[in-house]
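Down below is the structure, laid out as structure tokens.
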Amino acid sequence: MSKRVPRVLIAKPGLDGHDRGAKVIARALRDAGMEVIYTGLRQTPEMIAEAALQEDVDVVGLSILSGAHMTLVPRVREALNASGLNDVPIMVGGIIPDEDRAPLSALGVAGVFGPGTSTEEIRDFIERLVAAKDANG
Amino acid sequence: MDNLTTQLLAGNRRALARLLSQIENQVETAAEALAQLHPHTGRAWIIGVTGAPGTGKSSLVNALAQGFRQRGQTVAILAVDPTSPFSGGAILGDRIRMRDLSGDSGVFIRSMATRGSLGGLARATRDCVRLMDAAGFDVILVETVGAGQSEIDIVRTAYTTIVVEAPGLGDDVQAIKAGILEIADVLVVNKADRPGAQQTVRALRAMLELGHPVARQVSHHGQLMTVGEAPVSSALQVEDWSPIVVETVATEKKGIDALLEAIDAHRAHLQGEAFVKRQRQNIEVELLDRLQTALLERLNRSLSSEALRDMIDQVRQRQLSPQAAVGMLLSRL
Ligand SMILES: Nc1nc2c(ncn2[C@@H]2O[C@H](COP(=O)(O)OP(=O)(O)O)[C@@H](O)[C@H]2O)c(=O)[nH]1
Ligand SMILES: [Mg+2]
């Protein structure tokens, strides 16, 4: 009688000081019945990996509005891998130009969500990720 | 021994994180892991930190953990926040205040949502603390929102309970309002940099003088009590301990040494016979709680919902008394 609740880390890497977008996502996911670990502003890749490990999250969500996604995402991926979290997927939210989507996927980013994305879309995406993870044991 | 269990004992942090999830998700294998780990627990000093939202508990836990680290002790933190009753989801934000601890391999922080029933929460908290204990942490800090009976149940897991108060959250002293003053071994007035702090300190001291020692006696000895009815004082008090009031400014790390000393003093007080007594009380409550749950589960399995509805209808139509119905249910066990 397992009672699984998806756990999501929402982190804000980089130096820009806005976390409104991250908070909107956090609330939407909570309202979709998920547990959101919110770590606040200016997270280093190492801090993100540490939180992801300790909190045993199903997915790491990065909110990046600064345009620095092409440098930040690979660094977070490396930090996760260095902690043995190769199997924990990343999703990215923010203002991501179309031409960056393919390279991000190539870096192993499981989902990219622009400003127009509905919260249902993000919720469905996470639910699919979690279902696939559970199916693989 | 199970793979994760072995890894946890070897200090693998991801194994600890995974087993914590198994407990939260009530995966059946978690019970077995806990049973295997039981001989490896009992080393950690468990500290409960409770109080109204916004009093500064997370900030205080951050500062306290740093204090213990400076003494060379390792620290695990379990930060509990409420689940939304509407969606079943939660935003767990306590880590925001614990940034100073990041990058320290002697610290492990886990956020936990309250999820379902309060009884279930107390059980999950206890089990999660046990995993952290088995993983070898010297000190375990459990942060909960102080709102009444549920926190009192959770705090039963702890050896030293800190109740956090802050000025400026309304006219009343929150801990008195919530009825959690009685569980305090140490009372912290945080935000001592804010106006009104002295007034809060005075109000607390006055309450303590009134309440001590009559309200603080252990009322159950060697007799099984009903879990739901366990009086507040039974979880708690060892004779002759007067709660220490400490003023802090958690965000500036002020008063933390005094708080650590108060914890030391309580720990020193709770030695020998007193500690045995406290542990006996905690274990008694736990065993009864587990027994209650197990019996109910067994009953649920032996009784179809139609049969139960049938019985309820018989009581409703006055063909069966509630007393006789319970007798019938008991005979099924
Ligand atoms: N002025 C002042 N603010 C504090 C102090 N401790 C915490 N805070 C602030 O109070 C707010 C709530 O703190 P937090 O630790 O999250 O409280 P919790 O909800 O009890 O865990 C935050 O904005 C903190 O920065 C303090 O000693 N003085
Ligand atoms: Mg908190």
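Between region A:15-92 and region B:1-46, what is the C-alpha centre distance in whole Å?
Value for the Cα centre distance between the two parts: 26 Å.
For the protein assembly as shown, rounded, prolate or oblate, judged on the Cα gyration tensor with a ≥ b ≥ c (square roots of eigenvalues), a/c < 1.5 rounded, else prolate if a/b > b/c?
Numbers: a/c = 1.78, a/b = 1.23, b/c = 1.45.
Cα axes put the protein assembly as shown in the oblate bin.
Below 20 Å, Cα to Cα, which lysines can A:Lys12 reach? Residues fewer than 8 away in the same chain don't count.
Reachable lysines: A:Lys23.
Across 10 Å bins from 0, what is the distribution of all Cα-Cα pair distances for region A:11-137, in whole percents?
All Cα pairs considered, the percentages come to 13, 48, 36, 3.
Computed FRET efficiency, Cβ-Cβ of B:Glu209 and B:Leu288, R0 25 Å: what is it to the nearest 0.05?
Working from the Cβ atoms, E equals 0.15.
I want to make sure I understand the PRE zone here: with the label point 7 angstrom from the Cα of A:Lys3 toward its beta carbon, which residues in region B:119-147 have backbone N atoms less than 12 Å away?
Only B:119-125 fall inside the zone, counting backbone N under 12 Å.
Between A:Leu15 and B:Asn12, what's the calculated FRET efficiency when r is the beta-carbon distance and R0 is 25 Å? Round to 0.05.
Details: r = 33 Å, r/R0 = 1.33.
It comes to 0.15.
Multiply the residue gap between B:Phe86 and B:Arg43 by 0.36 nm, knock off their C-alpha separation, and tell me the result in nm, one decimal place.
Working: separation 43, 0.36 × 43 = 15.48 nm, distance 3.90 nm.
That works out to 11.6 nm of additional length.
Set the Förster distance to 56 Å, then compute FRET efficiency between B:Ile96 and B:Ala274 from the Cβ-Cβ distance, nearest 0.05.
Approximately 0.90, to the nearest 0.05.
Could you state how much accessible area B:Lys191 has, in square angstrom rounded to the nearest 10, with a 1.4 Å probe and all protein chains kept in place?
Answer for B:Lys191: close to 50 Å² accessible.
For every helix of n ≥ 4 consecutive DSSP H residues, a contribution of -39,500 (n - 2.57) applies; sum these over chain A, divide by its total residues, and give [θ] at 222 nm rounded to the nearest 500 deg cm²/dmol.
Theoretical 222 nm ellipticity from helices: -13500 deg cm²/dmol.
Would you mind telling me the antiparallel percentage of the DSSP bridges in the protein assembly as shown, rounded to 5?
0 percent
From other protein chains only, count the Cβ atoms within 10 Å of every residue's Cβ in B:93-99, then give the mean.
Per residue, the average neighbour count from other chains is 5.
Hey, which lysines would be in cross-link range of B:Lys254, C-alpha to C-alpha under 18 Å, not counting anything within fewer than 8 residues on its own chain?
Cα-Cα hits under 18 Å: B:Lys57, B:Lys191.
Which value, in debye to the nearest 20, gives the size of the charge dipole of the protein assembly as shown about its Cα centre, when Lys and Arg are +1 and Asp and Glu are -1 at the Cβ?
Numbers: 50 positive and 56 negative charges, 49 e Å.
Value, rounded to 20: 240 debye.
Considering the options A:Ala131, B:Gly168, B:Leu101, tell which one lies farthest towards the positive end of the dipole of the protein assembly as shown, charges being +1 on Lys and Arg and -1 on Asp and Glu at the Cβ, about the Cα centre.
So the residue furthest toward the plus end is A:Ala131.
Between A:Pro97, A:Pro45, A:Pro13, which gets the highest mean-square fluctuation from a Gaussian network model of chain A, Cα cutoff 10 Å?
Fluctuation is largest for A:Pro97.
The values are calculated or read from the model by the stated rules, or taken from the named source; none is laboratory data. Quantities reported herein were computed from a predicted structural model and do not represent experimental measurements. With ideal geometry, Cβ positions are generated from the backbone for all residues, glycine too; neighbour counts draw on all protein chains shown. Quick note on the areas: whole protein, heavy atoms, side chains included, nothing else; ligands and nucleic acids left out. Shrake-Rupley method; radii C 1.70, N 1.55, O 1.52, S 1.80 Å.
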